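The values are calculated or read from the model by the stated rules, or taken from the named source; none is laboratory data. These numbers come from a predicted model, not from an experiment. Here the Cβ positions follow ideal geometry from the backbone for every residue, glycine too, while neighbour counts run over all protein chains shown. Just the protein is used for accessible areas: all its heavy atoms, side chains included, with ligands, DNA and RNA removed. Shrake-Rupley method; radii C 1.70, N 1.55, O 1.52, S 1.80 Å.
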Number of protein chains: 2
Amino acid sequence: MNALTALSDPTRLRIVELLAEDERTAGEIASHFPTSRPGISRHLRVLREQGLVQARGEGRRRIYSLDPEPLAQLDAWLARYRGFWANRLDALETEIRRRRRH
Amino acid sequence: MNALTALSDPTRLRIVELLAEDERTAGEIASHFPTSRPGISRHLRVLREQGLVQARGEGRRRIYSLDPEPLAQLDAWLARYRGFWANRLDALETEIRRRRRH
DNA sequence: AAGTTATGTAACTGTCAAGTTACGCTTTCA
DNA sequence: TGAAAGCGTAACTTGACAGTTACATAACTT
């Protein structure tokens with residue numbers, strides 16, 4: 001559940017939200033925060049290491065995009081406990097999900 | 001998204017999993033970890049403060065149980081991005097969810 | 001070629017949180 | 001009633017991490 005540790009920082013959480021909208025360069029991302037650019041660079045590194053984002057180089061800039069895999073994992077983890085706050089519609093969701101697992 | 005910070009610690013994550021099975025006393029919980037009992041006590045405090053667990057006193061012991069609310073919130077947050085790893089069945093889920101919001 | 005832009009890394013600092021031991025309080029039991 | 005059981009809090013230590021400034025590198029631009 002590495003997504004949890006990566007997302008526990010509010011800045012990184014926000015970065016993920018930004019990248020969910022659209023991919024962005026490191027600079028664009030940094031411009032959304034009061035934090036210095038190197039600081040953001042390190043956050044991006046953490047997100048990369050945890051597999052939450054991917055970076056591809058394009059000329060002198062690096063374009064970051066979201067990699068949903070860890071989020072999907074987190075979602076799967078949560079699904080196990082979804083019964084706790086379930087109502088009928090949620091039960092249906094769970095059923096769908098269970099069935100898809102084949 | 002306070003669940004994220006609370007669950008970023010692996011011990012606390014495990015505690016939540018334990019309490020998802022069944023409610024337990026502080027001592028029972030602590031017995032599952034190498035950490036000292038006071039250490040666990042502090043983790044429980046964090047979980048309490050973030051609303052993830054509830055404690056009720058029963059004689060000289062405290063019985064902890066899971067409060068799913070923050071997990072439900074986290075689930076709702078994730079739902080916004082579920083499209084990223086979606087297939088058709090997931091799209092149906094989203095639709096259900098959206099509709100329930102009334 | 002020289003300067004500027006885009007980005008990452010290095011080294012340092014300060015804060016916070018998780019761990020420990022020692023202690024205190026309340027409840028049970030012999 | 002005194003001892004033990006069950007928990008929590010206090011005070012301290014230590015390690016991790018987010019933030020900063022300074023520097024390095026690579027790629028456009030003129």
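Would you check if A:Leu44 is near DNA strand C (Cβ under 8 Å from one of its atoms) and crowded, with 16+ Cβ neighbours inside 10 Å? Write out each step before concluding.
Numbers: near DNA strand C (Cβ under 8 Å from one of its atoms): yes; crowded, with 16+ Cβ neighbours inside 10 Å: yes.
Judged against the criteria, A:Leu44 is a match.
With the structure loaded, tell me whether A:Gly39 is open to solvent by 30 Å² or more (accessible area, probe 1.4 Å), away from every other protein chain (no Cβ under 14 Å) and over 21 Å from B:Met1 (Cα atoms) or whether it fails that test.
Values: open to solvent by 30 Å² or more (accessible area, probe 1.4 Å): no; away from every other protein chain (no Cβ under 14 Å): yes; over 21 Å from B:Met1 (Cα atoms): yes.
So A:Gly39 fails the test.
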> In segment A:58-88, how many residues are more than 9 Å from chain B (Cβ to nearest Cβ), open to solvent by 70 Å² or more (accessible area, probe 1.4 Å) and farther than 12 Å from A:Ala3 by Cβ?
Replying inline: 6
> If we keep just the residues of segment A:9-36 that are of a type in the set (Ser, Thr, Tyr) and out of contact with any strand residue (DSSP E or B) (no Cβ under 6 Å at 6 or more places or on another chain), which is nearest to the other protein chains (Cβ to nearest Cβ)?
Replying inline: A:Thr11
> When you scan segment B:1-82 for helices (runs of 4 or more DSSP H) that lie fully inside it, which ones turn up with 3 or more residues that are within 10 Å of DNA strand D (Cβ to nearest atom)?
Replying inline: B:26-30, B:37-49
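Out of B:Ala6, B:Ala55, which single residue is modelled with pLDDT of 95 or more, open to solvent by less than 50 Å² (accessible area, probe 1.4 Å) and within 12 Å of another protein chain (Cβ to nearest Cβ)? Write out each step before concluding.
On the way: B:Ala55 fails: within 12 Å of another protein chain (Cβ to nearest Cβ).
Going through B:Ala6, B:Ala55 in turn, the sole match is B:Ala6.
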